[in-house]
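Asker: Before we start, here is the structure in question, set down as C-alpha cells.
The values are calculated or read from the model by the stated rules, or taken from the named source; none is laboratory data. Just so you know, these numbers come straight off a predicted model, no measurement behind them. Neighbour counts are summed over all protein chains in view; Cβ atoms, including those assigned to glycine, are modelled from backbone coordinates with ideal geometry.
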Ligand SMILES: NC(=O)c1ccc[n+]([C@@H]2O[C@H](COP(=O)([O-])OP(=O)(O)OC[C@H]3O[C@@H](n4cnc5c(N)ncnc54)[C@H](OP(=O)(O)O)[C@@H]3O)[C@@H](O)[C@H]2O)c1
C-alpha cells in the first residue's frame, strides 16, 4: 500500500467496471478511502470487498448519476461518511457509434445524459467539497479528473455525438480549471485511446462487430493503463498540475 493519498477521500463514478474499477483500485492502493459510484450494486460491493481485503478502504454507493438528485445525494453521502472529498474522477460514460443519418435519437440522448449531464451533476455537487479539502488538507490540493477520450481531440465519422460529448468535456474542464485553480483545485482530463473494457458491449449487434474489426490486431490498452495516468495526476505535489494526458495504445493510428 502506498501512502501518497493517505488521509484523503476519493469518489470514482462508473466504478463498477473497466477504467473506473481500475482507477478506484489504484487510488485505494495509494491510501485514499474510495467511494465507488455506479448503478450495479453487486459489482460495487464485490470491488469494495476486494479493496478492503487488500487493506484499503472503500464505500459502495449505488446511484444513477443522470438523475441530478441521485448524483447530489451520492456526493453528499460520500462526504458525510468519509468525512471529506479530495479527489473526484468523472469516469462514467457510454459510447454508441454509427452514422448520424438514421441513428437512434435514444442513443444520442443516452450519451448526452451520462457523458455530459451525469458529469455536470457530480461536478456541481462535488466542487464545494473539493474547495474545502484543498483549504484544509495537509496536501493543500484537491483534484477533479474527467475521463475524456481521444474522441475529445480527434473527430471521426460514426462517432459524431460521442465526439460532441467528449469535446464538450474537454472545453468544460479547461474553463473550470481556470476558475478553481486559485482555490487549490486542479482540473485534469485523461484521454484514453482504445481500452479493453465493457464499453463496446453496449453496442448493437453489427455495430459491435464493425468496431471489433477496426481494432482487430491492435494490442489494446488495459484499464490499469488509464488508472496509472489518473494516479499520476492526482499524486503530484501541489506545485505541479498535470492538466491533460492523452494515452493511446501504441498501435493506434488515430
Ligand atoms: N474503453 C475505451 O476504449 C474508452 C476510450 C476512451 C474513453 N473511454 C471512456 O472511459 C470511461 C469509462 O468507460 P469504460 O471503457 O471503462 O466502460 P465500461 O466498462 O462500460 O464502464 C462504464 C461505467 O459507467 C457506469 N455508468 C453508466 N451509466 C451510468 C449512470 N447512469 N450512472 C452511474 N454510472 C453509470 C457503468 O456502471 P453501471 O452500469 O453499473 O451504472 C460503468 O461502471 C467512459 O467515460 C468512456 O467514454 C473509454
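Asker: Would you check if residue 10 is assigned to a loop (DSSP other than H, G, I, E, B) and either at pLDDT below 95 or touching a helix residue (DSSP H, G or I) at 6+ places or on another chain (Cβ under 7 Å) (or both)?
Answerer: No.
Asker: Okay, next question. Would you check which residues across the stretch 236-254 are within 26 Å of residue 211 (Cα to Cα), free of Cβ contacts under 8 Å to residues at least 60 places away in the same chain and not in a strand (DSSP E or B) and list them?
Answerer: 249, 250, 251, 253
Asker: Quick one: in the stretch 84-103, which of the residues that are touching a strand residue (DSSP E or B) at 6+ places or on another chain (Cβ under 7 Å) and either away from the ligand (no atom under 16 Å from the Cβ) or modelled with pLDDT under 95 (or both) is nearest to residue 204 (Cα to Cα)?
Answerer: The first filter runs over the stretch 84-103 and keeps only residues touching a strand residue (DSSP E or B) at 6+ places or on another chain (Cβ under 7 Å), leaving 84-93.
This time we only want the ones that are either away from the ligand (no atom under 16 Å from the Cβ) or modelled with pLDDT under 95 (or both), so: 84-87.
Values: 84: 40, 85: 37, 86: 38, 87: 34 Å.
Among residues in the stretch 84-103 that are touching a strand residue (DSSP E or B) at 6+ places or on another chain (Cβ under 7 Å) and either away from the ligand (no atom under 16 Å from the Cβ) or modelled with pLDDT under 95 (or both), the one nearest to residue 204 (Cα to Cα) is 87.
Asker: Restricting attention to the stretch 54-63, which residues are closer than 15 Å to residue 77 by Cβ and either in contact (Cβ under 8 Å) with a residue 40 or more places away in the chain or within 12 Å of the ligand (Cβ to nearest atom) (or both)?
Answerer: If the condition is that a residue be closer than 15 Å to residue 77 by Cβ and either in contact (Cβ under 8 Å) with a residue 40 or more places away in the chain or within 12 Å of the ligand (Cβ to nearest atom) (or both), then 60, 61, 62, 63 are the ones that fit.
Asker: Please indicate, with yes or no, whether at least one residue in the stretch 149-165 is under 27 Å from residue 82 (Cβ atoms), at pLDDT 95 or above and either within 15 Å of the chain's Cα centre (by Cα) or surrounded by fewer than 19 Cβ atoms within 10 Å (Cβ to Cβ) (or both).
Answerer: Of the stretch 149-165, the ones under 27 Å from residue 82 (Cβ atoms) are none.
The answer is no, given that none of the residues of the stretch 149-165 is under 27 Å from residue 82 (Cβ atoms), at pLDDT 95 or above and either within 15 Å of the chain's Cα centre (by Cα) or surrounded by fewer than 19 Cβ atoms within 10 Å (Cβ to Cβ) (or both).
Asker: Kindly indicate whether residue 188 is buried (at least 16 other Cβ atoms within 10 Å of the Cβ), on the phi < 0 side of the Ramachandran plot and touching a strand residue (DSSP E or B) at 6+ places or on another chain (Cβ under 7 Å).
Answerer: Working: buried (at least 16 other Cβ atoms within 10 Å of the Cβ): yes; on the phi < 0 side of the Ramachandran plot: yes; touching a strand residue (DSSP E or B) at 6+ places or on another chain (Cβ under 7 Å): yes.
So residue 188 passes the test.
Asker: Do you know which residues across the stretch 64-81 are in contact (Cβ under 8 Å) with a residue 12 or more places away in the chain, out of contact with any helix residue (DSSP H, G or I) (no Cβ under 6 Å at 6 or more places or on another chain) and away from the ligand (no atom under 12 Å from the Cβ)?
Answerer: Listed by number, the residues that qualify are 76, 77, 78, 81.
Asker: Looking at the stretch 115-143 only, could you name the residues that are out of contact with any helix residue (DSSP H, G or I) (no Cβ under 6 Å at 6 or more places or on another chain) and closer than 15 Å to residue 172 by Cα?
Answerer: Answer for the stretch 115-143, where residues must be out of contact with any helix residue (DSSP H, G or I) (no Cβ under 6 Å at 6 or more places or on another chain) and closer than 15 Å to residue 172 by Cα: 117, 118, 119, 120, 123, 124, 127.
Asker: Another question, then. Do the conditions hold for residue 51, that is, is it within 27 Å of residue 236 (Cβ to Cβ), in contact with a strand residue (DSSP E or B) (Cβ under 9 Å, 6 or more places away or on another chain) and more than 9 Å from the ligand (Cβ to nearest atom)? Reasoning before the result, please.
Answerer: Working: within 27 Å of residue 236 (Cβ to Cβ): yes; in contact with a strand residue (DSSP E or B) (Cβ under 9 Å, 6 or more places away or on another chain): yes; more than 9 Å from the ligand (Cβ to nearest atom): yes.
Yes, satisfied.
Asker: Also: In the stretch 127-141, is there at least one residue being out of contact with any strand residue (DSSP E or B) (no Cβ under 6 Å at 6 or more places or on another chain) and closer than 20 Å to residue 64 by Cα?
Answerer: Yes, the conditions are met somewhere in the stretch 127-141.
Asker: Right, residue 182: in a helix (DSSP H, G or I) and more than 16 Å from the ligand (Cβ to nearest atom) or not?
Answerer: Numbers: in a helix (DSSP H, G or I): yes; more than 16 Å from the ligand (Cβ to nearest atom): yes.
For residue 182, the condition - in a helix (DSSP H, G or I) and more than 16 Å from the ligand (Cβ to nearest atom) - is met.
Asker: I've got another one for you. When the stretch 3-17 is examined, which residues are found to be over 17 Å from residue 122 (Cα atoms), in contact (Cβ under 8 Å) with a residue 40 or more places away in the chain and either more than 9 Å from the ligand (Cβ to nearest atom) or surrounded by 22 or more Cβ atoms within 10 Å (Cβ to Cβ) (or both)? Walk me through how you get there before you give the answer.
Answerer: First, the residues of the stretch 3-17 that are over 17 Å from residue 122 (Cα atoms): 3-8, 17.
Then drop every residue that is not in contact (Cβ under 8 Å) with a residue 40 or more places away in the chain, which leaves 4-5, 7-8, 17.
Of everything in the stretch 3-17, those that are over 17 Å from residue 122 (Cα atoms), in contact (Cβ under 8 Å) with a residue 40 or more places away in the chain and either more than 9 Å from the ligand (Cβ to nearest atom) or surrounded by 22 or more Cβ atoms within 10 Å (Cβ to Cβ) (or both) turn out to be 4, 5, 7, 8.
Asker: Report, by residue number, each residue of the stretch 201-241 that is under 14 Å from residue 147 (Cα atoms) and touching a helix residue (DSSP H, G or I) at 6+ places or on another chain (Cβ under 8 Å).
Answerer: 223, 224, 226, 227, 228, 230, 231, 234
Asker: Answer with yes or no whether residue 233 is surrounded by 18 or more Cβ atoms within 10 Å (Cβ to Cβ) and not in a strand (DSSP E or B).
Answerer: Working: surrounded by 18 or more Cβ atoms within 10 Å (Cβ to Cβ): yes; not in a strand (DSSP E or B): yes.
Taking the combined requirement at face value, the residue satisfies it.
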